[in-house]
Amino acid sequence: MTALPRLSPAFTGDRLFPVNAAYMARTDHHQTRLLGIKPYNLDSITLALMGLLNGCPTVRHRSGVTDEALALLESAGLTVSEDMRVYEDDVQAERHGDDLISEGYKLFWPYPLRESRFPTDGHIVPPELWRRLNAKRYLSRMVPASNIAPREILPLERMTVFCFKHPVFLKAGGEEPTASGFAVHYCPDREHALRAVKWFRENDVQELIVEEALPIESSWCATIVVEQSRTAYIGAAEQEFEAPGKQCGSIIDEANPLPESGVQLAVMAGEEARKQGFVGVAGLDIGQTSNGELVVFDPNFRFNGSSVQVFLHCSAARRAGLAVSVSAQSPSSLTVHDLARALRGPIDDGWLVPTRVIDGTLLPIAEAASIFTGFILGADRADAAANREALERLLKP
């Protein structure tokens with residue numbers, strides 16, 4: 001089989017982060033308690049952005065950088081050429097972080113590292129700034145109030161007497177990291193709201209955002225890159241939801257792009273963050289109501305689950321002659337060797353792009369023989385969905 005043409009990310013790695021940046025993402029359970037992730041994700045997060053950080057020092061868990069895993073990414077047209085520091089456990093990962101700082105690098109990550117473990121000046125974005133930019137309570141500082149859903153910010157103890165006049169979303173306030181709608185509860189009535197309040201109390205959330213549930217027809221995560229001198233818009237992935245507020249995937253459909261006014265909102269927020277000292281990849285969750293109004297829901301000044309898909313979509317779509325891509329992730333009972341064999345056909349046919357492959361034998365807490373992450377292409381949404389079903393069949397033992 002002829003080798004596939006190389007994929008070209010929409011933005012080159014040397015512009016995603018400053019030249020003195022090093023990727024070190026191994027954090028702890030306390031920092032990720034409101035993300036809804038599993039224990040193994042503390043290590044799988046370190047395997048993100050494959051093919052986008054070439055030339056950059058990275059700290060990667062050994063389960064995703066085996067010869068077989070890297071060969072599979074290479075076969076799909078990704079180029080992975082990093083100054084890679086491989087680790088087995090959290091202690092070794094943090095020691096790599098120490099070494100990188102001593103070499104003059106500063107660390108970047110999607111979620112704050114273990115509290116006070118590294119010096120404040122050892123981060124590209126200081127943790128205090130990161131928390132402020134990602135706190136939903138400060139969203140009105142980033143975009144106009146007219147582009148924010150009607151809401152109130154209330155302490156938890158007031159929620160038991162709050163008068164619910166219409167359906168709302170209850171969201172964790174404060175400055176703890178959140179993602180994927182785990183700390184978001186749709187409440188169509190008071191009964192649901194009281195159950196949600198109980199959940200927040202059990203998870204030690206002290207402040208809530210009470211946001212009116214607007215009639216949203218489409219919602220996107222808009223990806224931007226904040227450089228030291230400007231903010232660049234890269235693209236947007238439409239969000240798929242399994243329930244109101246609970247995201248389950250991403251789709252890029254050239255027939256349903258983020259409106260230009262949404263692009264402007266994303267760049268506006270990026271510019272505000274840049275003035276405060278932020279640099280790097282970020283995303284803004286932006287919805288469009290049934291009457292065409294655009295609403296910014298969440299600031300995500302970190303890379304997102306759809307970021308790699310956005311960076312690679314245009315190149316992969318051109319190569320395959322297919323306009324739509326959908327995200328895919330699957331724990332599998334197949335070994336990495338059998339997984340690679342199962343994926344070979346779709347990769348060679350151009351409609352599958354793996355972006356992360358994990359050997360479960362090297363990450364036992366994953367409770368899977370292997371884990372695949374990537375995206376699937378199709379001529380349209382129906383074709384992409386059909387290819388997703390075909391992939392699911394291929395991954396069955």
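Every number in this text was worked out from the coordinates using simple rules, so none of it is lab data. As the structure is a prediction and not an experimental result, all values here were calculated from the model. Heads up, the Cβs are rebuilt from the backbone with ideal geometry, glycines too, and the neighbour counts pull from every protein chain shown.
Here the contact order of segment 150-212, divided by its residue count and restricted to Cα pairs under 8 Å and six or more residues apart, works out to 54 percent.
Between Arg15 and Thr79, the FRET efficiency from the beta-carbon distance, with R0 = 22 Å, is close to 0.85. Rounding to the nearest 10 and keeping the result within 0 to 90°, find how far the Cα-based axis of helix 190-202 lies from the longest principal axis of the chain. The angle comes out at about 60 degrees. If the chain linking Ser102 and Arg393 were pulled fully straight, counting 0.36 nm for each residue of separation and taking away their Cα-Cα distance, it would gain 99.9 nm.
For Asp28, project a label point 7 Å along Cα to C-beta. Then give me every residue of segment 93-114 with its amide nitrogen under 17 Å of that point. Residues passing the 17 Å test: 93-98, 111-114. Count Lys and Arg as plus one, Asp and Glu as minus one, and take only other residues whose Cβ is under 14 Å from that of Lys165; the net charge is then -2. Positive contributions from Lys and Arg (+1) and negative ones from Asp and Glu (-1), summed over other residues with Cβ under 14 Å from the Cβ of Asp359, come out at -3. Placing a label point 7 Å from the Cα of Arg381 along the Cα-to-Cβ direction, none of the residues of segment 344-370 has a backbone N under 11 Å of that point.
Counting 0.36 nm for each residue step from Ala255 to Glu115 and taking away their Cα separation leaves a gain of 46.0 nm. The amide H of Arg114, built 1.01 Å from its N in the peptide plane, has Asp28 as neighbours under 5 Å, considering only residues 5 or more places off or on other chains. For semi-axes √(5λ) of the Cα gyration tensor in Å, the candidate list reads (1) 40, 28, 25; (2) 49, 20, 18; (3) 32, 25, 21; the entry that matches the value derived from this model is (3).
Residues in segment 77-90 carry Karplus couplings, in order, of x, 7, 10, 10, 9, 10, 8, 8, 10, 8, 10, 10, 9, 5 Hz; the curve used is 6.51 cos²θ - 1.76 cosθ + 1.60 with θ = phi - 60°, and Gly or Pro positions show x.
Helix 307-320 and the long axis of the chain differ in direction by around 50°, with both axes built from C-alpha atoms. Between Glu212 and Arg6, the modelled label-to-label distance comes to 5.2 nm, taking each label 7 Å out from Cα in the direction of the beta carbon. Normalising the average separation of contacting C-alpha pairs (under 8 angstrom, six or more residues apart) by the number of residues puts the relative contact order of the chain at 18 percent.
Note on Phe241/Arg95: beta-carbon distance plugged into 1/(1 + (r/R0)^6) with R0 of 35 Å gives a FRET efficiency of 0.30. Modelled label positions at Glu271 and Ile365, each set 7 Å beyond Cα in the direction of Cβ, lie 4.3 nm from each other. If you bin every alpha carbon distance in segment 150-212 into 10 Å steps from zero, what whole percent lands in each bin? Per 10 Å bin, starting at zero, the Cα-Cα P(r) for segment 150-212 comes out as 24, 64, 12 percent. Mind checking which lysines have their Cα closer than 25 Å to the Cα of Lys171? Skip sequence neighbours fewer than 8 apart in that chain. Filter leaves Lys38, Lys136, Lys198, Lys246.
Taking amide H as placed 1.01 Å from N in the peptide plane, the amide H of Ala25 sits under 5 Å from that of Val59, each at least 5 places away or on another chain. Between Leu70 and Cys248, full extension at 0.36 nm per residue minus the direct alpha carbon distance yields a gain of 61.5 nm. Between the helical axis of 336-348 and the longest alpha-carbon principal axis of the chain there is an angle of about 90 degrees.
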